[in-house]
Amino acid sequence: MHGSRQLGLLMLALATGCWNGEPSSLETGETDFAPGAGEIANWRVQTQEMDGLTCPDGSAAKVYIVFSTENATAQPAAVVLHSGALDWVLEPDATDPLAGDHFNDPNRLTLDFGAGKAFATLGMYPDADANEASNGAMALALAERGVTLVVPTNCWGDMWRNQAGGRDNDTTTDGFVRSGGEAAAWAWSLISEPGFPSANRITLPVEIDTTALFLVGLGEGGRGVTELLADGAVPTGAMVDSVADDLGPYYADTELYADIVVGLDRIFPDGQASVAAGSLGDDATPIPPRMAYVYSSLDGNLPASTHDAAIARLEADTTNAVLIQDTLGATHVATASDSAVAGLVADFLLDTGN
């Protein structure tokens with residue numbers, strides 16, 4: 001079933017003319033940025049490896065840099081953390097930890113998934129999550145406003161949370177190390193620390209304006225954004241869309257959410273007591289100068305109350321510029337496919353007419 005589904009996705013991509021090959025086949029090369037959401041000239045996608053980060057399948061994790069070939073001056077930049085990064089093996093085998101049935105289909109613990117999802121976020125590959133149907137709307141909206149994009153892959157299924165030495169996963173049960181939080185931090189360092197690229201043998205295709213840096217989290221990527229904020233990242237602005245910010249509702253109904261709680265306990269080995277830290281609803285998580293919170297009160301993919309604490313805190317914020325956008329649509333992660341919402345958020349983040 002898995003193989004036929006992948007073949008179907010590839011055939012769809014060929015039919016729509018939006019893809020140039022398998023995502024993971026771009027080892028060090030470049031391709032045109034050609035999102036399904038619309039046309040943009042003279043923008044490219046460059047592939048680099050995230051030095052030291054390895055997917056559970058043994059592949060080197062990748063990062064994709066989307067940049068203009070025309071601008072010679074320093075550019076604003078955004079780390080874009082893709083959605084869909086949530087998976088675990090239901091009954092792992094210590095001798096082959098990726099074998100067996102997974103929580104999600106397709107298997108999300110491989111480079112192929114992470115690369116495909118990153119390119120779906122750019123609107124250049126069919127989305128593995130049909131309820132999102134990304135056409136690259138958010139990526140295009142930012143590019144149209146001159147923002148260089150850094151899009152890391154997540155092949156660890158950990159909502160961009162885990163990293164060794166502080167936010168470890170349950171490696172005994174999983175049988176491998178999850179590193180999504182480390183990948184998010186790596187991507188942030190790539191644009192925020194001037195010496196980081198050369199230290200990791202990367203020559204950026206553009207100069208980065210470190211006074212205009214953004215964090216964008218779609219779906220599960222939103223948790224990576226809030227964890228980065230809690231760890232001390234200070235972006236000019238940040239956006240999360242359809243994030244399960246408060247994970248408490250999953251633990252409140254362990255019968256309905258039994259399968260999800262199993263995975264959460266792998267990602268948060270200390271259990272429910274540890275899930276609030278690093279969320280936007282936690283008062284200890286700093287709010288950046290411009291903060292956009294996008295969700296839908298009609299989104300059946302998440303418990304409705306998952307947004308309550310974050311929204312209450314943002315509504316009470318009188319220090320920072322805050323945008324709370326209820327899209328009132330059934331679509332999960334609206335900014336992935338809705339150009340109007342994506343444009344609204346991009347204008348807000350760049351303080352354009354807002």
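The values are calculated or read from the model by the stated rules, or taken from the named source; none is laboratory data. As the structure is a computational prediction, the values presented were derived from the model and not from experiment. Here the Cβ is made from the backbone with ideal geometry for all residues, glycine too, and neighbour counts use every protein chain on show. Note: areas computed on protein heavy atoms with side chains; ligands, DNA, RNA excluded. Shrake-Rupley method; radii C 1.70, N 1.55, O 1.52, S 1.80 Å.
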Among HIS102, HIS307, HIS82, which one shows the biggest mean-square fluctuation in a GNM of the chain, springs joining Cα atoms closer than 10 Å? HIS102
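Classify the range 196-257: rounded, prolate or oblate, from the alpha-carbon gyration tensor (a ≥ b ≥ c, eigenvalue square roots; a/c under 1.5 rounded; otherwise prolate if a/b is larger than b/c)?
On the way: a/c = 3.20, a/b = 2.56, b/c = 1.25.
Prolate, because a/c is 1.5 or more and a/b exceeds b/c.
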Among DSSP bridges having both ends in the chain, what percentage is antiparallel? Round to the nearest 5. 45 percent
In µm²/s, what is D for the range 139-275 at 37 °C and 0.692 mPa s, where D = kT/(6 pi eta Rh) by Stokes-Einstein and Rh is the Kirkwood radius from Cα pairs? 203 µm²/s
Considering the Cα positions of the range 217-354, please state its Rg to one decimal place and its Dmax as a whole number of Å. 14.7, 47
Apply the Karplus parameterisation 6.51 cos²θ - 1.76 cosθ + 1.60, with θ equal to phi minus 60°, to every residue of the range 329-337 and state each ³J(HN,Hα) to the nearest whole Hz, in sequence, with x for glycine and proline. x, 7, 6, 7, 6, 4, 5, 6, 9
Provide the per-residue ³J(HN,Hα) series for the range 150-160, in order, calculated from phi with Karplus coefficients 6.51, -1.76, 1.60 and θ = phi - 60°, each as a whole number of Hz, with x at glycine and proline positions. 10, 10, x, 8, 10, 10, 10, x, 10, 6, 6
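What relative contact order, as a whole-number percentage, does the range 220-354 give when Cα pairs under 8 Å and 6 or more residues apart are counted?
Result for the range 220-354 is 29 percent.
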Take TYR64, TYR257 and sort them by solvent-accessible surface of the protein heavy atoms, 1.4 Å probe, largest at the top. TYR257, TYR64
Show the residues, 5+ positions off or on another chain, whose built amide H is closer than 5 Å to the amide H of ASN104. TRP88
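As an exercise, find the ratio Rg/Rh for the chain from alpha-carbon atoms, using the Kirkwood inverse-distance average for Rh. It would help to have the intermediate numbers written out before the result.
On the way: Rg = 18.7 Å, Rh = 20.0 Å.
The Rg/Rh ratio comes out at 0.93.
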May I ask for the distance between the Cα centers of the range 100-177 and the range 31-73, given as a whole number of Å? 14 Å
Please list, in chain and number order, the residues 5+ apart from MET239 or on another chain whose amide H is under 5 Å from its amide H, with Hs placed from the backbone. LEU215, VAL216, GLY217, ALA292
With the contact rule set at Cα under 8 Å and sequence spacing of 6 or more, what percent relative contact order holds for the chain? 17 percent
So who's got an amide H within less than 5 Å of the one on GLY136, skipping anything under 5 residues away but keeping other chains? H placed 1.01 Å off N, in plane. GLY123
Rounded to whole Hz, the Karplus (6.51, -1.76, 1.60) HN-Hα couplings of the range 271-277, x for glycine and proline: x, 4, 4, 9, 7, 6, 4
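Per the helix-only calculation at 222 nm, which mean residue ellipticity applies to the chain, given -39500 (n - 2.57) for every DSSP H run of n ≥ 4 and division by its residues, nearest 500 deg cm²/dmol?
Details: 11 runs with 99 residues, N = 354.
Estimated from H runs of four or more residues: -8000 deg cm²/dmol.
What is the sum of charges around GLY237, taking Lys and Arg as +1, Asp and Glu as -1, for the other residues whose C-beta is under 15 Å from the C-beta of GLY237?
Details: positive: ARG145, ARG290; negative: ASP209, ASP241, ASP317, ASP347, ASP351.
That sum, taken over residues with Cβ under 15 Å, equals -3.
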